[in-house]
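Single-structure report; data block below.
The values are calculated or read from the model by the stated rules, or taken from the named source; none is laboratory data. Remember, it's a predicted structure, so these values are computed and weren't measured experimentally. As a convention, Cβ positions derive from the backbone with ideal geometry for all residues, glycine included, and neighbour counts pool all protein chains shown. Accessible surface is based on the protein model in full, side chains and every heavy atom, while ligands, DNA and RNA are left aside. Shrake-Rupley method; radii C 1.70, N 1.55, O 1.52, S 1.80 Å.
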Amino acid sequence: MVLVAVFGVALLIAVLFSGLAARTVLSTSLLFLVGGALVSDGFLGLVHITADSPIVAVTADLALFAVLFTDGMHVSFPKLRENWKNPARALGLGMPLAMAGMALITHYLVGLDWTTSFLVGAVLAPTDPVFASAIVGRKEVPAKLRQLLNVESGINDGLALPVVLILIAVAGPTSGQMQASIPMIGLELGLGLLFGIVLPLAVTALVRLRLLGAEPKLQPLLPLATGIILYGLCHLTHANPYLAAFSAGAVLASVSPEAKTVFEPLGEALAELAKFAALLVFGALLTPQLFGDLSLGGYAAVILAIVLIRPASLLLSLLGTRLERREKLVAAWFGPKGFASVVYGLLVLQAGIPQGEEAYTLIAICIAFSIIAHSSTDVPIARLFHVDDLAGIPAAGSPRPSHSPVTTDRETSHVQT
């Protein structure tokens, strides 16, 4: 219960400071991260969480699923058909380049073997729009840029997972079973995509039957029920839950725009709660001992991963596109490591591979540095696109409106970051 109380206190502080965070580089994501670290064994010792604690994997998994489900609802298929080339370049060229670049610096700066180095590259390749909400969620930002970041981050989690699993099989004691595992991985991805498409279509069809239908106050619970069923179904069948979540959100928003509209406030709030909880738990793993275990070469690799590998790989993949130079630079910078990397990093640690602990230490510290860097820069960069009212809150010194609507931070604010 100590962790619950700590979460409540951190949530209260985050809400009270959210208006200030929306206008400055102050990050509420960082607040939860630091809060988790302060109450852990490394500092105050109020909570005792280790990387193999079940709560770590569960909270990261739930947060990633919730975020991808709500992010999928922001995808517009008509706009995606018009602008599919940029996300395809980022996924088909930029992502492999990022994996390879990270593997190179991991091998030469940290000293891990090639298989483990490529495994680190695969774990850190997925990006997360959670820590760039002021960019992804604002209509003032060009649609092509928002679509690129949102679709890339929504799909690359599922694309990275099979690579991670295959490399774990190669590096671990079960490497002889690699050939048998590849078809299984493909089946899990296919099932995830299938469930993500079929389930929302089936629910929408049921709602439209003459004898069925939800009363207005319960309508937001229909997409929620769909998401809960999908999450359970994926884990029961070992289908890929992340690909399922993103595709289900996109399909549901496409076939039932009214469902998206009524669910959005509830969905965004639930995704925020899951994200904050996961950040608090992940922060509890960031002990002084963890940071002390990483070599100077490891810290160099972390910095290069954020400021060089991601930006260079995406800029190369976007050569020849019609995006403006400013848009390319923003897209290249916003490659934050998020919950997918947390989940996959835990898989590496729990796999028992020879250099798994060293790889996990590098991955965890890179995620922490990325959260700090990206969640603290989305507001200043959003202002380059003349996004001034980032939270529906007037700037200091401006009169307060008599009635200001409560908005979700993933759409109009920096509350989550």
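Got a sec? Which of LEU286, LEU323 is over 14 Å from ILE367 (Cα atoms) and of a type in the set (A, V, I, L, M)? Before the answer, list the steps.
On the way: LEU286 fails: over 14 Å from ILE367 (Cα atoms).
After ruling out the rest, the residue left standing is LEU323.
Total residues in the stretch 309-368 satisfying the condition of being outside any helix (DSSP H, G or I) and of a type in the set (Ser, Thr, Tyr): the figure is 1. Look at the stretch 159-172: where a residue is in contact (Cβ under 8 Å) with a residue 60 or more places away in the chain and part of a helix (DSSP H, G or I) and a partner is among the aromatic types (Phe, Trp, Tyr) and crowded, with 24+ Cβ neighbours inside 10 Å, sitting 6+ places away or on another chain with Cβ atoms under 8 Å, you get ALA160/TYR344; LEU161/TYR242; LEU161/TYR344; VAL164/TYR344.
Considering (1) in contact with a Ser or Thr (Cβ under 7 Å, 6 or more places away or on another chain); (2) at pLDDT below 95; (3) not acidic (Asp, Glu), the lone condition that ALA57 does not fulfil carries the number (1).
Applying the condition of being outside any helix (DSSP H, G or I) and more than 20 Å from the chain's Cα centre (by Cα) to the stretch 232-277 and asking which residue is surrounded by the most Cβ atoms within 10 Å (Cβ to Cβ) yields SER256. Residues in the stretch 202-231 that are open to solvent by 30 Å² or more (accessible area, probe 1.4 Å), out of contact with any Pro (no Cβ under 9 Å at 6 or more places or on another chain) and closer than 25 Å to PRO162 by Cα: ILE228, ILE229.
The residue list THR50, THR70 contains one member that is of a type in the set (Ser, Thr, Tyr), closer than 26 Å to PHE118 by Cα and either out of contact with any Gly (no Cβ under 7 Å at 6 or more places or on another chain) or in a helix (DSSP H, G or I) (or both), which is THR50.
Do we have any residue at all in the stretch 291-298 that's open to solvent by 10 Å² or more (accessible area, probe 1.4 Å) and more than 27 Å from ALA364 (Cα to Cα)? Checked against the condition, which is being open to solvent by 10 Å² or more (accessible area, probe 1.4 Å) and more than 27 Å from ALA364 (Cα to Cα), the stretch 291-298 yields no hits at all.
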